[in-house]
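Engineer: Below: one structure in structure tokens.
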Amino acid sequence: MTDVYTKYEIIDENTISITNIGTKNNKEKIITGKGKFKNCPTEGWLRISFFWPFYSDYKIIYLNECYQTAIITSDSKDYLWILTRTDELPAETKQ
């Protein structure tokens, strides 16, 4: 998908709703899942499911001080996501 953005919504103290919205083959695609804190809400580690009963770990390994950019990895480190609140990532941030 391209032009992806995600909405996070608190369901209760342990669960969040995750909605990914993007474009695939020139059509809008929406997928909704849920996340649970792996250990505790103050730790940046979620168990995410878009296809129940399968869950994947999403662990924050970098978060800048202004909460504008985050780097997320899977528990196996097979995946890496760069999340940003802006449409483009500044060159100094990429470095």
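The values are calculated or read from the model by the stated rules, or taken from the named source; none is laboratory data. All of these numbers come straight from a predicted model, not from anything done at the bench. Glycine also receives a Cβ, built like all others from the backbone with ideal geometry; neighbour counts cover every protein chain displayed. In case anyone asks, the SASA skips ligands and DNA or RNA and just uses the protein heavy atoms, side chains included. Shrake-Rupley method; radii C 1.70, N 1.55, O 1.52, S 1.80 Å.
Engineer: For region 80-95, name all the residues that are free of Cβ contacts under 8 Å to residues at least 12 places away in the same chain, open to solvent by 100 Å² or more (accessible area, probe 1.4 Å) and in a loop (DSSP other than H, G, I, E, B).
Structural biologist: Asp87, Glu88, Gln95
Engineer: Right, another one. Is at least one residue of region 56-72 of a type outside the set (Lys, Arg), within 19 Å of Glu9 (Cα to Cα), in contact with a strand residue (DSSP E or B) (Cβ under 9 Å, 6 or more places away or on another chain) and open to solvent by 90 Å² or more (accessible area, probe 1.4 Å)?
Structural biologist: Within region 56-72, not a single residue is of a type outside the set (Lys, Arg), within 19 Å of Glu9 (Cα to Cα), in contact with a strand residue (DSSP E or B) (Cβ under 9 Å, 6 or more places away or on another chain) and open to solvent by 90 Å² or more (accessible area, probe 1.4 Å).
Engineer: Could you please find all residues in region 14-35 being more than 16 Å from Met1 (Cα to Cα) and exposed (fewer than 15 other Cβ atoms within 10 Å of the Cβ)?
Structural biologist: Listed by number, the residues that qualify are Asn14, Thr15, Ser17.
Engineer: Restricting to region 9-38, name every residue that is within 19 Å of Ile71 (Cα to Cα) and polar (S, T, N, Q).
Structural biologist: Within region 9-38, Thr19, Asn20 meet the criteria.
Engineer: Something else about it: Among the residues of region 11-59, what is the count of those that are under 14 Å from the mean Cα position of the chain (by Cα) and among the hydrophobic types (A, V, I, L, M, F, W, C)?
Structural biologist: Residues flagged as under 14 Å from the mean Cα position of the chain (by Cα) and among the hydrophobic types (A, V, I, L, M, F, W, C) within region 11-59 amount to 9.
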